[in-house]
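Student: Take this structure, written in structure tokens, and hold onto it; I'll ask about it next.
The values are calculated or read from the model by the stated rules, or taken from the named source; none is laboratory data. Treat the numbers as computed from the prediction; the structure is a model and nothing was measured. No Cβ is skipped: glycine too gets one built from the backbone with ideal geometry, and neighbour counts run over all protein chains shown. Calculation scope for accessible area: heavy atoms of the full protein, side chains included, ligands and nucleic acids excluded. Shrake-Rupley method; radii C 1.70, N 1.55, O 1.52, S 1.80 Å.
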Amino acid sequence: MGRTKYPLAFRLTLKILLLFASSNAWAQVDVGDYTVSGSAEIGGLPRSFKGDKARFEEYRDIPESVIVPQLQLMIGGKKEDFYLNFDSLKTGRNDQSYTLRAGRYGLLDMEFQWDQIPHLFSEGVARTPYSVNDGHTTLFTLSSKPTATTATTNCTTSPLCQWLNTNAQPIDLGLYNGIARFNVRYTPTPGWTFTGNYWQNHNVGDRAFGTLFGTSPGSFNITELAEPIDYQTYNIELGGEYASNGWSVGLKYTGSIFNNLHSGIIWDNPMNLTNSVGGVLTGTCLDSATVNYNTGRGACQGQMNLYPNNQAHTVTLSGAATLPFKTNFMGTTSYGWMLQDSTFQPFTVNRCYTTNPALVGTFNPRCVDAATGLPAPLVRMPTISKTSLGGDVRPIMVNATLVNNFFERVNLKAFYRYYAMENHNSEVFLPQGFVRLDGQPVAGALQSELFSYSKHTVGYEAGYDFARWLSPKLSWGYERMHRHDREVFNQDKFTFGPTVDIKPSTAILLRASYRHVWGNDSPYVADPTVDASNLSRKFDEAATRRNKVSLFAQYTPWENLMLTWGFEYTNDNYLFAALGTQYDNNYSPSVGINYTPLSWLRLFANYNWERYDWLLKAMDRTNTATQTIANSCTPNVPPNLNRCWNSRGLDQMNTVSVGSDLDLIQKIFGLRLQFTYSNGTSSVHASGDQQSTTPAGNYPLLKNQWYEFLARFEYNLQKNTTFRFGYYYNHATERDFGVDIMQPWMGNVDVVPTPNANTARSVFLGDQIKGPFTAHVGFVTVGFKF
């Protein structure tokens, strides 16, 4: 059946082609007081694939010069007072879009849009042993379990691996985003303008989602699930603006409401074997308050909240005015509310915990001791001071800009910006601690922290036109950030640098800019018993130094030849940050040429190189039980206390694009040829770690290559009829150790330095989402105008 689709589409295209070829050239159609015109393109896209089809189809990344079909329709009044436009692109495909626009010139404009965006993660690759019961709370259940929890590195001796190979079923992962928009603009008088916008996003699908039983560090098992996604987002904007001679003022309201139709998930623990008899569930699962993999006991199920429903509202007042002395003012201020008050879920669904103080110490037949299997006394569920968050965060923004051109050849600009994120959340108390990962109690009172911050920014720019060909400019800026409930309360940052435009002739343009940014090293508030040497200082709170250089050149010796060159370099250093990012450098030179040697021939070529270098310091305290203030990475620290190392990364990408447009027979027969090649590599090298018997190792080299070739022929049969056909080739290869090795059972991979029992008892989707592919796409279309 599938083999007949392409010939049928091809025959239909030829019939339509002959119809238009035999008819006279069409023109616009008059219907009473209205004029109807439009265009359409229909055809087919026969394709063949080899490799990972999902990767090619991930975003439907086919050049617009290939995509069919499409339709445009325009209806207008002969008095030029009324109009109606309809556009459709990729009609009937999963990534189709439609636009309908109508209104009356100078008075009313209305627009409706519908757009579909598919995002395919994997197809026929991921596998899972879970069955899904969708609902407000989604249940992931197992119809069987492994026969034992033995952790080995060989599938022939691993009950979990054998069970997965028998029970895991293929599952496709992907998202669909449908966007509907409605915009209206009403201008009753030249001074007044009212606008209204409404759009709704619907995201639905599944994607990989990691969950955990147990504690880390400690004994745990990962369970990767296909997270159910069903989001509805509603957005609205209402605004009005009045403009008069030399000034304007506007008021706008923006609202956004997010609804998640899946509030949470509950999933079976594959490592709890208390209800397994020969691998078949009996429905008598027994919970344990702790994990013991030797006996196959722990929590029967895990639970987790997904993204909660929330809403945001913002009111914005803006204005502009022309002031004396050739000065212009622009200002904006806004105030918003971000609200979220979803109900807290219980700490755990583990039946060894009870919320009734009178039952603490009593026995539940569904709760047993993890080691002995004997009935265990119930543990008190920790209490919480509130039943819901009462989330209330309020962003505030004030922005003012002055531009002055009073003095001849002098351009002045000053701006001030204030932004604050006020936290009005209710404080939440956990007086008895909490239950972590459905089974591990964590004692000690806790209180939520109300993080907030504010930022003041002021800047000045001054430029002087020395001559027609020379225009330098100097910029200076200052920023003060104040944080609440962070280690650094106040931090200052300064920015300074020139920009120069040089245009010695109409054929040459040179532009250069430099920016230097330095942030001070503010006092760092830390607990001296834990962080005596500030080793945990976050890089975003460290003193910073940034140097950024931008260069651009354009040379147009003739009207038919243009050469461009660009270069950007950015260096970021994070001073006194003992851990985390130390520096980050990136380079990005590029060169391009656009040449039209003949009226019917245009050639173009571009090359771009990107390089990123970075250094990161890390420390792993592997024996914190005997460590107090040993926050040091020096060789004097006893072995196996601190493992310290440096990671140096180097990412590079080279992209070349060449092509040509040929008008072989002017306005009748044209040809486009285009080829693009991209090659990327990523490497991470580790050094240090002198204190461990197993030093940190290098990451395997990552490689990416991508080829694209397009040949498109265009034949104008009639004035209003066009025939297009061609060929599109796309090929991608990728070597990514972190993805290539993925399989539902990873016990034979993570075996350094010794077999990792946690990984050997974990379940994954085996989602190799970056496989190589080769795609061949032919296309044939007929386009016409009327």
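Student: Return an integer: the convex hull volume of the alpha-carbon atoms of the range 305-402, in Å³ per residue.
Tutor: Spelled out: Cα convex hull of the range 305-402, divided by residues, is 132 Å³.
Student: Roughly how many Å² is the accessible area per residue of the chain, as a whole number, for a 1.4 Å probe?
Tutor: 53
Student: What does the accessible area of Phe567 come to, in Å² to the nearest 10, when a probe of 1.4 Å is used?
Tutor: Estimated to the nearest 10 Å², Phe567 gives 50 Å².
Student: Would you mind calculating the gained length between Asn154 and Thr141 on full extension (0.36 nm times residue separation, minus the Cα-Cα distance), in nm to one decimal?
Tutor: 2.0 nm
Student: Continuing with the same structure: Within the set Lys548/Lys617; Lys252/Lys326; Lys90/Lys785; Lys79/Lys719, which residue pairs have Cα atoms separated by over 19 Å?
Tutor: Lys548/Lys617; Lys252/Lys326; Lys79/Lys719
Student: From zero outward in steps of 20 Å, how is the percent of C-alpha pairs of the chain spread across the bins?
Tutor: 11, 33, 40, 15, 1
Student: Next question. If you put +1 on each Lys and Arg Cβ and -1 on each Asp and Glu Cβ, how big is the dipole of the chain around its Cα centre, in Debye rounded to 20?
Tutor: About 1080 debye.
Student: What is the chain's relative contact order, in percent, from Cα pairs under 8 angstrom and six or more apart in sequence?
Tutor: Reported as a whole number, the value is 11 percent.
Student: Can you order the peptides 329-337, 463-471 by their average number of other Cβ atoms within 10 Å per residue, highest first?
Tutor: Descending packing order for the listed peptides: 329-337, 463-471.
Student: Still on this model: Heavy atoms of the protein only, probe of 1.4 Å, neighbouring chains included. What is the accessible area of Asp438 in Å², nearest 10?
Tutor: Accessible surface of Asp438 is approximately 10 Å².
Student: Applying the Karplus parametrisation 6.51 cos²θ - 1.76 cosθ + 1.60 with θ = phi - 60° to the phi angles of the range 91-107, what ³J(HN,Hα) value in whole Hz is obtained for each residue in order, glycine and proline being reported as x?
Tutor: 4, x, 9, 5, 10, 6, 8, 9, 9, 10, 10, 8, x, 10, 3, x, 10
Student: Using only Cα atoms and rounding to the nearest 10 degrees, what angle (0 to 90) does helix 5-22 make with the longest principal axis of the chain?
Tutor: So the helix axis and the longest Cα principal axis differ by about 10 degrees.
Student: Whenever you get a sec, compute what percent of the accessible area on the chain sits on carbon and sulfur atoms (1.4 Å probe). Spell out each step's value before the answer.
Tutor: Details: 24430 of 41450 Å².
About 59 percent, which is the carbon plus sulfur part of the accessible surface.
Student: Based on alpha-carbon centroids, what's the gap between the range 704-770 and the range 406-428 in Å, whole number please?
Tutor: 44
Student: Let me ask something else about it. Rounded to the nearest 500, what is the chain's calculated 222 nm mean residue ellipticity when only DSSP H runs of at least 4 contribute -39500 (n - 2.57) each, over all residues?
Tutor: On the way: 5 runs with 39 residues, N = 786.
Helix-only estimate at 222 nm: -1500 deg cm²/dmol.
Student: To continue, here is another question. Considering the dipole of the chain built from charges on the beta carbon (Lys and Arg +1, Asp and Glu -1) around the Cα centre, which of Leu579, Thr544, Pro170 is farthest to its positive end?
Tutor: Pro170
Student: If the chain between Leu474 and Ser385 were fully stretched, how many nm would it gain, using 0.36 nm times the residue separation less the Cα-Cα distance?
Tutor: Stretched out fully, the Leu474 to Ser385 stretch lengthens by 26.5 nm.
Student: Considering only protein heavy atoms, what is the solvent-accessible area of Ser143 at a probe of 1.4 Å, reported in Å² to the nearest 10?
Tutor: Only protein atoms counted, so the area is about 80 Å².
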